[in-house]
1. Using a probe of 1.4 angstrom, how much of the accessible area of the chain is carbon and sulfur, in percent?
2. For the range 49-118, just say rounded, prolate or oblate: build the C-alpha gyration tensor, square-root its eigenvalues into a ≥ b ≥ c, call rounded for a/c under 1.5, and beyond that prolate if a/b exceeds b/c, oblate if not.
3. What is the chain's relative contact order, in percent, from Cα pairs under 8 angstrom and six or more apart in sequence?
4. Using the Karplus equation 6.51 cos²θ - 1.76 cosθ + 1.60 (θ = phi - 60°), what ³J(HN,Hα) coupling, rounded to whole Hz, does each residue of the range 107-113 give in order, writing x for Gly and Pro?
5. Accessible area of residue 24, 1.4 Å probe, to the nearest 10 Å²?
6. So how strong a dipole does the chain carry about its Cα centre when Lys and Arg Cβ are +1 and Asp and Glu Cβ are -1, to the nearest 20 debye?
7. Which pairs in the list 82/212; 98/126; 126/157; 101/130; 45/264 are over 20 Å apart, alpha-carbon to alpha-carbon?
8. Mind checking which of 22, 128, 105 is farthest towards the positive end of the range 1-158's charge dipole, using Cβ charges of +1 (Lys, Arg) and -1 (Asp, Glu) about the Cα centre?
Amino acid sequence: MPQDEASLIPDEPIPFSEMCSIIHSRITTFLAETPADWNCTDKEKKRLENVQAQTRISLRVIEEALEKYSLDELSLSYNGGKDCLVLLVLYLAALHSKTLKSSNFRPTSLECVFIQSSDPFEEVTKFVEKTSRQYNLNLSRYSAPMKGALTDYLQEKPNVQAIFVGTRRTDPHGTYLTHFDRTDHGWPDFMRIHPVIDWHYVDIWTFICHLKIPYCCLYDQGYTSLGGTRDTHPNPKLLRIKLPETIENGKYTHLPDIWKNTSKYRPAWELMDDEEERLGRDN
Ligand code: FAD
């Protein structure tokens with residue numbers, strides 16, 4: 001999806017309630033669409049139908065969380081990656097649904113926690129900053145190992161009882177998770193909520209592209225899973241073409257234009273297979 005296409009929400013911040021309403025309306029429209037509305041192949045239509053089903057499940061999980069917990073007891077772990085971005089958008093839509101049902105529910109921002117990697121990508125940091133403003137996130141940032149950062153966070157925000165996490169089944173540690181799981185022994189104690197646990201890699205990108213959700217630019221450069229600069233590379237499965245070494249070293253000056261202007265890697269959303277998602281990660 002070229003990033004300059006009209007996107008789901010404006011670049012500049014708008015009032016929180018208006019933003020939730022726009023997102024809710026877009027998702028409601030998406031859920032009402034039928035294959036006849038889509039101008040794509042049968043395979044892509046099947047994918048969109050599957051994403052509709054996953055979206056309904058995730059919204060139900062988020063709605064259940066909003067019944068069990070008050071808004072100041074909930075937080076979202078947000079690192080600018082594609083999975084928690086999808087989760088964030090669904091959460092904002094669910095908030096709007098709740099405002100339609102209860103007249104005294106009027107959220108104005110969203111509690112989030114971001115634990116910055118020790119070797120962060122500038123692009124990720126900028127994306128988190130930009131989207132924090134755009135989506136009006138009340139973001140607490142930490143630069144420490146994850147367990148310690150979460151311990152500090154809960155001390156600073158003692159109301160928080162449950163945290164949304166964008167983990168999916170094929171992530172490390174994702175195999176046995178359900179929609180609601182307390183943290184494991186040895187971790188600070190709170191409820192983890194995993195609304196997108198059963199989304200596949202291709203579902204995440206189908207949703208992002210169909211709804212035109214702005215995403216971190218590294219995904220356009222072949223990165224498919226974002227860690228730190230020391231352990232994350234573009235996914236080798238997305239390498240367009242192996243250029244001869246002389247060309248890579250810049251010794252060949254008469255490159256065809258198509259090579260000069262094209263990224264060496266295809267964008268993240270062209271990968272299809274869950275198993276290949278982390279091939280650009282060293283751990
Ligand atoms: P990703 O696939 O990028 O992360 C999956 C999701 O984790 C993201 O969508 C986001 O919601 C969250 N996340 C990841 N990194 C960050 C970050 N730096 N800042 C904010 N959010 C982030 N491990 C256990 O073994 N037992 C636990 O009980 C446990 N509880 C956790 C609770 C929370 C709130 C978080 C954020 C992590 C927890 N972890 C726990 C660690 C988790 O299992 C992963 O190891 C960790 O999220 C990194 O996953 P990943 O590399 O697959 O990243």
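The values are calculated or read from the model by the stated rules, or taken from the named source; none is laboratory data. Being a predicted model, the structure only gives us computed values, none of them experimental. All Cβ positions, even for glycine, are placed from backbone atoms using ideal geometry, and neighbour counts span all protein chains on display. With ligands, DNA and RNA removed, areas are computed over all heavy atoms of the protein, side chains included. Shrake-Rupley method; radii C 1.70, N 1.55, O 1.52, S 1.80 Å.
1. Values: 7300 of 14360 Å².
In the chain, the share of accessible area belonging to carbon and sulfur is 51 percent.
2. Details: a/c = 2.22, a/b = 1.16, b/c = 1.91.
Oblate, because a/c is 1.5 or more while a/b does not exceed b/c.
3. On the way: 403 pairs, mean separation 60.1, N = 283.
Value for the chain: 21 percent.
4. Those phi angles translate into x, 10, 6, 10, 6, 9, 10 Hz.
5. 40 Å²
6. Details: 33 positive and 41 negative charges, 27 e Å.
Dipole of the chain, to the nearest 20 debye: 140 debye.
7. Long pairs (Cα-Cα over 20 Å): 98/126; 126/157; 101/130; 45/264.
8. Farthest towards the positive end: 105.
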